[in-house]
Amino acid sequence: EAQVTQNPRYLITVTGKKLTVTCSQNMNHEYMSWYRQDPGLGLRQIYYSMNVEVTDKGDVPEGYKVSRKEKRNFPLILESPSPNQTSLYFCASSPGTRQYFGPGTRLTVL
Amino acid sequence: SQQGEEDPQALSIQEGENATMNCSYKTSINNLQWYRQNSGRGLVHLILIRSNEREKHSGRLRVTLDTSKKSSSLLITASRAADTASYFCATDPIYYYGGSQGNLIFGKGTKLSVKP
């Protein structure tokens, strides 16, 4: 089944403790993105990648890192999470037009 | 930066009525897409309209695009309680080299509530 998977789906952590949210797609898509969704602010793009080893900042990249070492995976890294990074995170992949979204990761940083 | 802006922010209607949501954007686009999100879940693609198209239909959905006004509308006819969700427009901007980066810009969404 064609899909985008994210792990974990839910995470509660503490300030400063490094974490990684994984994202994987099985559709051989070149484009992948990370978004965060906050009430009243809609979806805001964090980072995107147009292909392996090609990444670029979105609207809200501060405090986040990404890597694209292989086509199927696009992990989101929070080196030192802070409470303002509490949010609902979505990974998406695209062949170049429509996007396919993962189920989301709800992150709480205490 | 945010490009698509949906209007209204929230819409409440009775089952069977039509729902119309609007989207405005700022720059030239390759295409405009509409997505649906059920509470807290991943977005699901509904329909894509290219910049050279003016209207597109898919089931009970009708999308229009006016590139001169940089606006689009999504019409859901004969709405059902199951249509209750948030709806987002997303634009695929044309970049300086004339192409696409496969990088959509989403608006803040319209929250639709359909009462039985």
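FYI, it's all coordinate maths here, none of it is from the lab. Here the structure is a predicted model, which is why all the values come from computation and not from measurement. Glycine also receives a Cβ, built like all others from the backbone with ideal geometry; neighbour counts cover every protein chain displayed.
At a glance:
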read-out	value
Spin-label model distance (nm) - B:S51 vs B:S113, 7 Å beyond Cα toward Cβ	3.9
P(r), alpha carbons of the protein assembly as shown - 10 Å bins starting at zero, rounded %	8, 33, 35, 19, 5, 0
Whether the range A:41-81 is rounded, prolate or oblate, judged on the alpha carbon gyration tensor where a/c under 1.5 counts as rounded	oblate
Descending Cα extents along the principal axes, the range B:1-89, whole Å	35, 26, 20
